[in-house]
Structures are given as C-alpha cells and as structure tokens.
Amino acid sequence: MPPEQADHDDASQGDDAVSPIIQSLVRGLSVIRAFDADHADMTLSDVARRTDLSRATARRILYTLASLGYVATDGKQFSLRPRILELGYTYLSSLNLPEIATPHLEKLTVAVNESSSVALLDDTDIVYVARVATRRIMTVAITVGTRFPAHLTSMGRVLLAGLEPAALAALLDQLDLTPRTHHTITDRRQLEAELARISDQGWALVDQELEEGLRSIAVPLHDAAGRVVAAINVSTTTRRGTPEVIRAEILPHLMAAARDIEGDLAAVNRGPSTRV
C-alpha cells in the first residue's frame, strides 16, 4: 500500500487521527488475547462478544490476521496458528532468562518432585516465561505466557516486595483485591505488611489464596546490581504437608536454584551491555 494511502486510511479511523494510540492495533491485539485454553476455537460471534467489538470489525481483524498467517479458519471457526508465537519470541529470546533458567528448573523439579517456574512482573500481573511441570495441580493449565494477578501468587509477591516504595504504592492502587478463596488477603494494609515481611525474609509462601488446595513458595532472582528482576517458584498441593513442611523440604532447593540461575545470568551478561 502506498504511504499516502496508508495515511488516508489511518485518518479515516477518526480516533487514530487525533491520538498517538492506534485504536485499530488495540482492537487487533484484543482479538488475539480473546483466544485462550478455554476458547481455542471460536466463531465470529464468539470473538465479537469476548472483545466487545462489532461483528464487522471483528471479521476484518480476523481475516487480516488470517492473511498474515496468525489465524486459521474454515470459514466458521477461527483459531490461532503457531505463527502467533513470533509476536513474543523476539522478547523472550532477548531475555536470555528462559533459556538459562530451564535446565535449573529441570534439576529443581527432579529434586523436589514438584513443578517449578520463572515469572516476570507485568503491571499488576505475573507472566510465566519458563516452566517445568510434573503434573497438573490447578484447574487451569499453566504454560509460558500464562498470567495471574501478582498479589495472589508467591512469585508475584516477591516481585512486588522488590519494588521501590513509590512504584509499589502506585501498583497497589491498581489492584483488585476481590477474594479468590476464603484464604485470600483482601485488606491492603495486611498485604503491605505481608510484602514487607517477604522483603525482609527473602521468600514468599502463598497458601491457597489463588486456588483452594494450592500452595506455592518463591524466591526472587536478582541482576548483577542486586535488583529483583524475576522470580522462581515451586508449586504444590496441601497434600504435600503443612506450610512449615513445604518450607523445610523445598525452600533450600529453591534458593540453590536461584543462586545458580543468577550466577549463569551474570556470566552470560557480563560486559558493557547487560540484559536479563
């Protein structure tokens, strides 16, 4: 398309012409995010309903994505194609973190016989960037890219506890403290006190706050300057034992894995251009 035609098309969108935010891109990304494990195949009406877009807009976006190879369709059902992974691959590959962490997660999982993961903080959520699973222990499947509210997870809490006070306060203002279970902390002051305790002790254990029967324990991962940049956890169930048992059996292995990952990251990133 000639540049002048593209400019004309953008101008015709109204909102896009007066805002630095490209609304058509926002709508396109909302369509991509509408697909998940429970909605892997959807009709046009399904997509329009989940995104609050008109059928005409949803149709244009879906067929544009299909023409680019990101969506598959038989004319009625739509689904994401593997090529969609390209959108995140550049970011993940630039991290070094997933590639470096995975062998250590594998070793950790064997040692404790439980699933282990690494996650980053993204606004009020955590995003899984590496995972080694032994079995499914949640009602939802966890894979690379899975997101959960940070304050409900052990990895999220060590990441929140690692923030500067002003950044933490701003983020806490955005949290939805609606309970997921009867164990969930819903009082901001109580959550702040818990984060302060986590900051002091260097680890977090979350007991059934995200889902009944699920416990997880996490420690932070630091960069060469000592900043918290990621988190590593082990998730298990209440059948494993009390929180005290989980701490005694798992925390030493978890902390050793974190030290090994930090050491490898420092070795790889040593030099004038450091990245995690």
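The values are calculated or read from the model by the stated rules, or taken from the named source; none is laboratory data. Not measured: the values here are computed from a predicted model. Using ideal geometry, Cβ is built from the backbone for each residue, glycine included, and neighbour counts are taken over all protein chains shown.
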Selection within the range 218-243 - of a type in the set (Asp, Glu) and at pLDDT 95 or above: none
Any hit, the range 88-99, residues being at pLDDT 95 or above and of a type in the set (D, E, K, R): no
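Quick check on residue 268: is it at pLDDT below 90 and either outside the structural domain of residue 130 (by TED's automatic domain parsing) or surrounded by fewer than 18 Cβ atoms within 10 Å (Cβ to Cβ) (or both)? So that I can check it myself, show each step before the final result.
On the way: at pLDDT below 90: yes; either outside the structural domain of residue 130 (by TED's automatic domain parsing) or surrounded by fewer than 18 Cβ atoms within 10 Å (Cβ to Cβ) (or both): yes.
Answer is yes for this residue.
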Of residues in the range 189-219 being in a loop (DSSP other than H, G, I, E, B) and touching a His at 6+ places or on another chain (Cβ under 7 Å), the one nearest to residue 153 (Cα to Cα): 209
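Quick one: which residue in 154, 199, 235 is crowded, with 18+ Cβ neighbours inside 10 Å, at negative phi, assigned by TED's automatic domain parsing to the domain that holds residue 119 and more than 20 Å from the chain's Cα centre (by Cα)? It would help to see each step written out before you state the result.
On the way: 154 fails: more than 20 Å from the chain's Cα centre (by Cα); 235 fails: more than 20 Å from the chain's Cα centre (by Cα).
Of 154, 199, 235, the one residue that is crowded, with 18+ Cβ neighbours inside 10 Å, at negative phi, assigned by TED's automatic domain parsing to the domain that holds residue 119 and more than 20 Å from the chain's Cα centre (by Cα) is 199.
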The one condition in (1) more than 17 Å from residue 126 (Cα to Cα); (2) at pLDDT below 95 that residue 211 fails to fulfil: (1)
